[in-house]
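The values are calculated or read from the model by the stated rules, or taken from the named source; none is laboratory data. Fair warning: this is a prediction, and the values are worked out from it, not measured in the lab. For neighbour counting, all protein chains shown are included, and Cβ atoms are generated from backbone atoms with ideal geometry for every residue, glycine included. These area figures cover heavy atoms from the full protein model, side chains too; ligands, DNA and RNA do not enter into them. Shrake-Rupley method; radii C 1.70, N 1.55, O 1.52, S 1.80 Å.
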Amino acid sequence: MGLFSSTKSKKIKPAKAVNGSIQLPGDKSISHRYAMLGAIAEGRTEIHFFSSSADCESTLACLGKLGVSVERKENVVTFDGVGLRGLRSPREVLDAGNSGSTMRMLTGILAGQPFRSVIRGDASLSRRPMQRVIDPLARMGARIKSAEEARPPLEIEGGALQPIHYELPVASAQVKSAVLFAGLYADGETEVVEPMATRDHTEIALEQMGVEIGRHRQTVSVRGPARLQGTTVHIPGDISSAAFFLAAALLVPQSNLVIQNIGLNPTRTAILDLLSPMGGDIRVLNVERLHGELIGDLHAESSRLEGGEIPPGLIPRLIDELPVLAVLGTQTEKGLSFRGAAELRVKESDRLAAVAENLRRMGAEVEESADGLRVAGRQALRGAEVESYGDHRIAMAFAVAALVAQGTTLIRGSDCVDVSFPGFFDVLARVT
Ligand code: S3P
């Protein structure tokens, strides 16, 4: 697929205001989990507002190759689960595309299968580290081969698994999920200890499907072999996509924006915890709990933002929002800095380097360290040619930068936004 050899570019002009009321695609993280878990459940699963992302499309395509017949009508995905032991040996290589979540989490399920499977990804995913899932899954009894330095593709020889007690060396919801998914197949109790709390959509989805989950402090446990019940679920809007619009509304003068039905799971809302005390005029309205997840509307207006340092404890809960927060930092009074985010170097691109380079092209001052960035405040950005580096969150973060710059910005490789948010530029055009 040509997404990342793309030469498509997008021109963005400064905005006078960001106004309106918008609804964003369903959460990508939650959609992946219900698709994978519904596949190994018993009975029918119906997922409403399933994410329109290319990443979640990759997950559905892999499940199709494993023998799950998925029906999709607009944003509703429906299928009959095949049960814990019902997946079929794939005749072809599974393709995770650009999606780290698909590769890492599905590997947890594949580790429990009595067959061999191979999963690969695009050029960006092929550079990303997989040792973090290979280690625990190998300890559980799976045999996993990889390319050099534990990079994809992965060849997984699954089979009977033993439960483990595993202390995650990195705070990663994908790895936590992979081990819990494998734990569904192991005979006994699998325990995962997190160094810092990460998103808990896997735990919630499992509970919704009738699996008992142990949660004590930083330890999550599951007892296998488990039985999952198919379910009907409504996926909340993706707060990581909302982050770009929130930032735009706060930064552009005269803005007044409502974002409806957004997921407000506290393990994902650190961006709100950070921006509100800095002066961000963000109101959370109509909050309710839906299928175990909090959901509500966000209302944001132009604000004078103080800036400051992002506490390291917040980092895992706003990891995907850091690129746009760095952009936002240039427009704060005191600037913005953070450390403890070395993980950003192994995302879809090296996000620390990508953000620093693009900000410099727009005339901003930025200091890059091994695990963080420091941007000065009150900086005038100027329109420039920037690169997406094939990374959706970089393309969207710099679309926001372009709204507050002087002159036009050209984002090269802009169509990678489809990875998480097809239609992003149309929604942006509608509100600006
Ligand atoms: C995700 C977890 C995070 C995040 C990614 C989605 C998930 O990755 O960056 O976009 O759905 O579990 P890590 O688990 O690698 O931190």
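For Thr267, the residues whose amide H sits under 5 Å from its own are Asp200, ignoring neighbours fewer than 5 places away on the same chain, with H placed 1.01 Å from N.
The relative contact order of the range 155-303 comes to 19 percent, based on Cα pairs under 8 Å that sit 6 or more residues apart. Kirkwood radius for the range 152-224, taken over all pairs of different Cα atoms as the inverse mean of 1/r, rounds to 12.5 Å.
Give me D for the range 227-353 in µm² s⁻¹, whole number, from Stokes-Einstein with Rh from the Kirkwood sum over alpha-carbon pairs, 37 °C and 0.692 mPa s.
Working: Rh = 15.4 Å.
In µm²/s, the coefficient rounds to 213.
The apolar share of the surface of the chain, taken as the fraction of accessible area on carbon and sulfur atoms (1.4 Å probe, ligands and nucleic acids excluded), comes to 47 percent.
Per residue, the chain reaches -8500 deg cm²/dmol at 222 nm when only DSSP H runs of four or more residues are counted, each adding -39500 (n - 2.57).
Axis of helix 100-110 versus longest Cα principal axis of the chain: the two differ by about 10°, to the nearest ten degrees.
Across q = 0.19, 0.21 Å⁻¹, the range 323-372 modelled as identical point scatterers on its alpha-carbon atoms has Debye log10 I(q)/I(0) values of -0.57, -0.70, in the order of the q list. Over the range 85-237, the reciprocal of the mean inverse Cα-Cα separation, the Kirkwood hydrodynamic radius, stands at 15.6 Å.
Compute the longest continuous run of the chain that contains no exposed GluC sites (Glu not before Pro); treat a site as exposed when its DSSP state is not H, G, I, E or B and it has at most 16 other Cβ atoms within 10 Å.
Values: sites that count: Glu74, Glu92, Glu212, Glu306, Glu333, Glu365.
The segment 93-211 is the longest one with no such site.
Averaging the sequence gap over all C-alpha pairs within less than 8 Å and six or more residues apart, then dividing by the number of residues, gives the range 78-147 a relative contact order of 33 percent.
According to the Cα-based calculation, Rg over Rh for the chain is 0.96, with Rh computed by the Kirkwood formula. Taking all protein chains into account, the per residue accessible area for the range 1-127 stands at 41 Å² (1.4 Å probe).
Comparing mean-square fluctuations of Leu285, Leu322, Leu250 from a GNM of the chain with C-alpha springs under 10 Å, the top value falls on Leu285.
Oblate is the label for the range 66-168, because a/c, from the alpha-carbon gyration tensor with a ≥ b ≥ c as root eigenvalues, is 1.5 or above and a/b does not exceed b/c. Go ahead and run the numbers for FRET between Lys13 and Arg85, Cβ-Cβ distance against an R0 of 41 Å, rounding to 0.05. Computed FRET efficiency for Lys13 and Arg85 comes out at 0.15. All C-alpha pair distances within the range 337-396, sorted into 10 Å bins from zero, spread as 24, 53, 23, 0 percent across the bins. Based on protein heavy atoms only, the range 168-224 ends up with 36 Å² per residue of surface accessible to a 1.4 Å probe. Annotation: the antiparallel percentage among DSSP beta bridges lying fully within the chain is about 70.
For the range 1-120, the direction-averaged projected area of the alpha-carbon convex hull comes to 9.4 nm².
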